[in-house]
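Visitor: Handing you a structure now.
The values are calculated or read from the model by the stated rules, or taken from the named source; none is laboratory data. What you see is a predicted model; the values in this text were computed from it and never measured. A quick note on method: Cβ atoms are made from the backbone with ideal geometry, for glycine too, and the neighbour counts reach across all protein chains shown.
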Amino acid sequence: MNRQGQIQMTPEEQAEYLKHARTMILCTVDHNGYPHAVAMAFMVKDDGCIYMTSFRKAQKVVNARRNPKVAVLVESGIKYNDLRGVMIRGNCEIIDDADEVWKIMREVRASQEGGTAAPTNAVIQDRAKKRAVLKITPTKVSTWDHSKLPPDTY
């Protein structure tokens, strides 16, 4: 088996890894063709898509409207044999409906807080009118878990 095959996470390992991550780096492409990378709170729903929210006028949202091809990354570890990560390339759909945005905002917050439902708050609900959901549908997934390598092979 090649090294890539040795370190690849199973779908179950990947789901568990993402379940415990709190931030994900979202990479979009700006109007000059340069990467634009930002840390985002997120959740992965049962449909396999990644959801995050941002202000509608934020650069990442403007970029994704122009070019829906995005990448996201979660990585952890300090030493080589501790490195673990998931990189997903996908297509980003922008959802502007305020009711849907409010619903996803609450779900992302609950996901970030370990499943506890976020309280209804009129001020935060009003902010949903200025926000958008970024829904990323994966097209390619790459994973790595260097702890799977035998000792002394790195």
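Visitor: Farther than 13 Å from residue 138 by Cα and among the polar types (S, T, N, Q) - does that describe any residue in region 73-89?
Guide: Let us first name the residues in region 73-89 that are farther than 13 Å from residue 138 by Cα, namely 74-85.
Checking the rest, the ones that are also among the polar types (S, T, N, Q) come to 76, 81.
Yes, that holds for at least one residue.
This table checks each residue for (1) modelled with pLDDT under 95; (2) touching a strand residue (DSSP E or B) at 6+ places or on another chain (Cβ under 6 Å).
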position: 15; (1), (2): yes, no
position: 21; (1), (2): yes, yes
position: 30; (1), (2): no, yes
position: 40; (1), (2): no, yes
position: 50; (1), (2): no, yes
position: 84; (1), (2): no, yes
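Visitor: Something else now. Identify the single condition in (1) surrounded by 15 or more Cβ atoms within 10 Å (Cβ to Cβ); (2) without any contact (Cβ under 8 Å) to a residue 40 or more places away in the chain that residue 71 does not satisfy, given that it satisfies every other one.
Guide: (2)
Visitor: Sticking with this one: Test of understanding: among 53, 28, 10, which residue is β-branched (Val, Ile, Thr), over 11 Å from the mean Cα position of the chain (by Cα) and surrounded by 15 or more Cβ atoms within 10 Å (Cβ to Cβ)?
Guide: Just one listed residue meets the conditions, 28.
Visitor: Residue check: is residue 60 in contact with an Asp or Glu (Cβ under 7 Å, 6 or more places away or on another chain), within 15 Å of residue 25 (Cα to Cα), surrounded by 15 or more Cβ atoms within 10 Å (Cβ to Cβ) and in contact (Cβ under 8 Å) with a residue 12 or more places away in the chain?
Guide: Spelling it out, it is not the case that residue 60 is in contact with an Asp or Glu (Cβ under 7 Å, 6 or more places away or on another chain), within 15 Å of residue 25 (Cα to Cα), surrounded by 15 or more Cβ atoms within 10 Å (Cβ to Cβ) and in contact (Cβ under 8 Å) with a residue 12 or more places away in the chain.
Visitor: Anything in region 25-36 that is free of Cβ contacts under 8 Å to residues at least 24 places away in the same chain and in contact with a Ser or Thr (Cβ under 8 Å, 6 or more places away or on another chain)? List them, or say none.
Guide: Residue satisfying the conditions is 35 alone.
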